[in-house]
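The structure under discussion appears below in the form of structure tokens.
The values are calculated or read from the model by the stated rules, or taken from the named source; none is laboratory data. Small disclaimer: the values here were computed from a predicted structure and weren't measured. Don't worry about glycine lacking a Cβ; one is built from the backbone with ideal geometry, like all the others, and counts go over all protein chains shown.
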Amino acid sequence: MRFGIDLGGSKIEIAALADDGTIALRHRVPTPHSGYDETIRAIADLILQSEAKLSQRGTVGVAIPGALSLKTGLVKNANSTRLIGHPLDKDLAKAINRPVRVANDANCFTLSEAADGAAAGKEIVFGIIAGTGVGGGICIDGHALTGAHAITGEWGHNPLPGPRLDEIPGPPCYCGKNGCIESWCSGPALEREFGKRSRRKLNASDISEAAVKGDADAIVTIDAWLDRFSRAIASIVNVLDPHAIVVGGGLSNIDVLYREVPARVERYSFTPEGQTPILKNKHGDSSGVRGAAWLWQLGEKSKGLPP
């Protein structure tokens, strides 16, 4: 049995994967906001209670909204700031008395979709999580890459490619820079641009729906978002040339993305010879927790995880 944990800002989810990839158990609890030690305890309790319910002990992988530094072994770049500066894998391993593998949540999403999801069987897969932020992960031959600084796939903090004059210098990003892909292509960015144009407040899914119904402001806003998203993806195609790109997160439910973006990416890419498949995820919000469990089945190519 392989247990996967998806550690989010508002919830902690566990899933138990059988050998054939089916989910034998799935449960979630609220993420404690009282401190780091309480978070470790909540995860450990979830694991031990799930094992008791299934009468099986298993391996444990954890998806986090950040990464383990390969230099210090401590969590870094996490939007759940209580995790930063702690050896989460070692602390959890001590609590449950076995090794634990920890990986970035976008890497886990990509691993899940490459293993038996929308991109199953593809050699090079780029996974996109587009929602509150914009993150990414890379899998090659079923292995999630970590990289020299544990930031592989973090394309959301590259500058928006080919900026127009009215896109310079671009909106400020929480990372301290201006004009990042995340500051243009995330859900809050889409909502901001619609609000600037229409002086109305709608969430991203409602903007998409309004565009389908013929709202002029929504149509223009969605078209600009698709163009920026396509430019951003084209830069990935030029560097990585993936066999498939899988999209997750809240914005993955905007259906026009799959109709419009592939042709635009082909136009922006270098000497394209056909469209790169851009696919909606298969496993939805289960991908992160499933990918965490798959860490023990498929491992990782870099030395960012324990053997």
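Report the residue count in the range 9-32 for those that are touching a helix residue (DSSP H, G or I) at 6+ places or on another chain (Cβ under 8 Å) and either in contact (Cβ under 8 Å) with a residue 24 or more places away in the chain or surrounded by 14 or more Cβ atoms within 10 Å (Cβ to Cβ) (or both).
Adding up the residues that qualify gives 14.
Taking the condition modelled with pLDDT under 90 and in a helix (DSSP H, G or I), does Gly274 pass?
no
With the requirement that a residue be on the phi < 0 side of the Ramachandran plot, in contact (Cβ under 8 Å) with a residue 40 or more places away in the chain and polar (S, T, N, Q), what does the range 33-79 give you?
Those that are on the phi < 0 side of the Ramachandran plot, in contact (Cβ under 8 Å) with a residue 40 or more places away in the chain and polar (S, T, N, Q): Thr39, Ser50, Gln56, Thr59, Ser69, Asn79.
Which of the numbered conditions does Gly162 fail, given that it passes all the others? Conditions: (1) in contact (Cβ under 8 Å) with a residue 40 or more places away in the chain; (2) in contact with a Gly (Cβ under 9 Å, 6 or more places away or on another chain).
Gly162 satisfies all of (1) in contact (Cβ under 8 Å) with a residue 40 or more places away in the chain; (2) in contact with a Gly (Cβ under 9 Å, 6 or more places away or on another chain) except (2).
Count, please, the residues in the range 167-218 that happen to be within 21 Å of the chain's Cα centre (by Cα) and among the acidic types (Asp, Glu).
Within the range 167-218, residues that are within 21 Å of the chain's Cα centre (by Cα) and among the acidic types (Asp, Glu) number 2.
Select, from Lys90, Lys53, Lys94, the only residue that is under 24 Å from the mean Cα position of the chain (by Cα), of a type in the set (Lys, Arg) and outside the structural domain of Leu145 (by TED's automatic domain parsing).
Result of the check over Lys90, Lys53, Lys94: Lys90.
Counting only residues that are crowded, with 17+ Cβ neighbours inside 10 Å and either more than 18 Å from Ile12 (Cβ to Cβ) or touching a helix residue (DSSP H, G or I) at 6+ places or on another chain (Cβ under 8 Å) (or both), how many does the range 36-66 have?
15
Residue under question is Ile124, and the condition is that it be at pLDDT 95 or above, touching a Phe, Trp or Tyr at 6+ places or on another chain (Cβ under 8 Å) and not acidic (Asp, Glu); does it hold?
no
Go through the range 245-271 and report how many residues are under 17 Å from Ala234 (Cβ atoms) and surrounded by 16 or more Cβ atoms within 10 Å (Cβ to Cβ).
Result for the range 245-271: 12.
Looking at the range 27-45 only, could you name the residues that are closer than 17 Å to Gly85 by Cβ, in a helix (DSSP H, G or I) and not hydrophobic (A, V, I, L, M, F, W, C)?
The answer is Tyr36, Asp37, Glu38, Thr39.
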